[in-house]
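The next block holds one structure in the form of structure tokens; read it before the comments.
The values are calculated or read from the model by the stated rules, or taken from the named source; none is laboratory data. Predicted model, so just to flag it, every value in this text is computed and none were measured. Glycine gets a Cβ as well: all are built from the backbone with ideal geometry, and neighbour counts include every protein chain shown. All accessible areas refer to the heavy atoms of the entire protein, side chains included, with ligands and DNA or RNA removed. Shrake-Rupley method; radii C 1.70, N 1.55, O 1.52, S 1.80 Å.
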There are 2 protein chains.
Amino acid sequence: MDYSVVKVKEDILAENNKRADELRAKLKSKHIYFLNVMASPGSGKTTLLTRVINNLKNKYRIGVLEADIDGEVDAINISKNTGVKAIQVHTSGACHLTAQMVDDALTAFGVDDLDVVILENVGNLVCPAEFDTGSNINMMLLSVPEGHDKPLKYPLMFQVSNIAVITKIDTAPIFDFDFDKCEKYIHMRNKDAKVFKVSAVKNIGVDELTYYLDQLFASR
Amino acid sequence: MDYSVVKVKEDILAENNKRADELRAKLKSKHIYFLNVMASPGSGKTTLLTRVINNLKNKYRIGVLEADIDGEVDAINISKNTGVKAIQVHTSGACHLTAQMVDDALTAFGVDDLDVVILENVGNLVCPAEFDTGSNINMMLLSVPEGHDKPLKYPLMFQVSNIAVITKIDTAPIFDFDFDKCEKYIHMRNKDAKVFKVSAVKNIGVDELTYYLDQLFASR
């Protein structure tokens, strides 16, 4: 039993990696940059993306895929608060999106009028890290209320993320969060990870992140 | 491909349910109550459990299983701050514990000198909800910083949880959290869910939860 389960998972991941490479090549040929955003539930993905998109929407044509098990709130909010095209993708209970699911969603969505695709992945620090979505870059968010020890507990998420954004930094005075330890733990998992500290609600640090993403999007 | 993946998952869940029932029967025969605690990463599971265990440790012999992908911090903290027996269970990358993994861990741990087993499951609002651990009751935590919309996005977690604890309520003044909406959404998923509101750090509401758990543990 155990062996067959492991084997099935290996097959699924290998198939997914192949599909992800194909999707990446397809988007590259269309000069579309694909940013995959991952985090725990409630870490502030939608609020931060709203800020970033409003900063960059006049420079790039941006489309947003909002992935959730259920509910429509994120797509409605992004659309209402930025004016860019957004759709909700439901995962039928699954804890992550596969490259095939992303490709199908993008086909339904239509990407030919876009420069940048942003995927807000399912709120989860485990499964989305295992499945390459076909993105050009992975950005993960860790909110101050969650605690600075998360890179110790969820190694793969921090390992596969090129950008780690510490969010809700305005709440640091009321939480026991050690920024130095957090950065040390993040770099223990990925020594090249670029770390940003933001409060999307108070608009602190968002300009630095925007500038960095702007450079990435321009390279598409 | 899709069909075989679905079939494998169905087989895994059916096998897990069977193992969970066997574990439940085994623990019942030993008069041991098994509480499974689930939540997002960083929602305050360990801090709340520390309070509850300190309130009840003189009445019941309690043992704690701390499940994580990696790291030892939770078992060390629980053990240091309560004095009860605790072990760390690593899931080899998996996003949840199966009943078999719990049974193996309990066998290694030794339960014959215990009245209550508490499992702090992997921080994740998706996968742990799918896998019956063999517990007598499921308690899930939702922290105020995560937002009141989570029952809309993670239906199964709220559906399978008999107890929903809203944590970090002392931080409500700085977050946009609507308690009435949250309770409404929780009861939309499970109309019988018992809802508690606590701040483990400030020791608010913990006595009510302790009293409720005490009654459950006494029924073992």
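A few remarks follow.
- Taking every residue in region A:108-123 that is closer than 23 Å to A:Ser219 by Cβ and pairing it with any residue that is of a type in the set (Gly, Ala, Ser), at least 6 positions away or on another chain, the pairs with Cβ-Cβ distances below 6 Å are A:Leu114/A:Gly63; A:Val117/A:Gly63; A:Asn121/A:Ala67.
- Qualifying residues in region B:51-60 (those that are surrounded by 15 or more Cβ atoms within 10 Å (Cβ to Cβ) and not hydrophobic (A, V, I, L, M, F, W, C)) - the one nearest to B:Tyr212 (Cα to Cα): B:Asn55
- Condition check for A:Asn136: open to solvent by 10 Å² or more (accessible area, probe 1.4 Å) and under 17 Å from the mean Cα position of the chain (by Cα): yes
- Scope region A:180-198; condition touching a strand residue (DSSP E or B) at 6+ places or on another chain (Cβ under 7 Å) and either over 26 Å from A:Thr50 (Cβ atoms) or of a type outside the set (D, E, K, R) (or both); matching residues: A:Cys182, A:Ile186, A:Ala193, A:Val195, A:Phe196, A:Val198
- Inside region B:153-166, residues that are touching a helix residue (DSSP H, G or I) at 6+ places or on another chain (Cβ under 6 Å) and either hydrophobic (A, V, I, L, M, F, W, C) or open to solvent by less than 10 Å² (accessible area, probe 1.4 Å) (or both) make up a count of 5.
- Scan of region B:67-107 for residues that are crowded, with 16+ Cβ neighbours inside 10 Å, among the polar types (S, T, N, Q) and modelled with pLDDT under 90, ordered by number: B:Thr91
- Of the residues examined, B:Phe177 is not one that is part of a strand (DSSP E or B), in contact with a helix residue (DSSP H, G or I) (Cβ under 8 Å, 6 or more places away or on another chain) and open to solvent by 10 Å² or more (accessible area, probe 1.4 Å).
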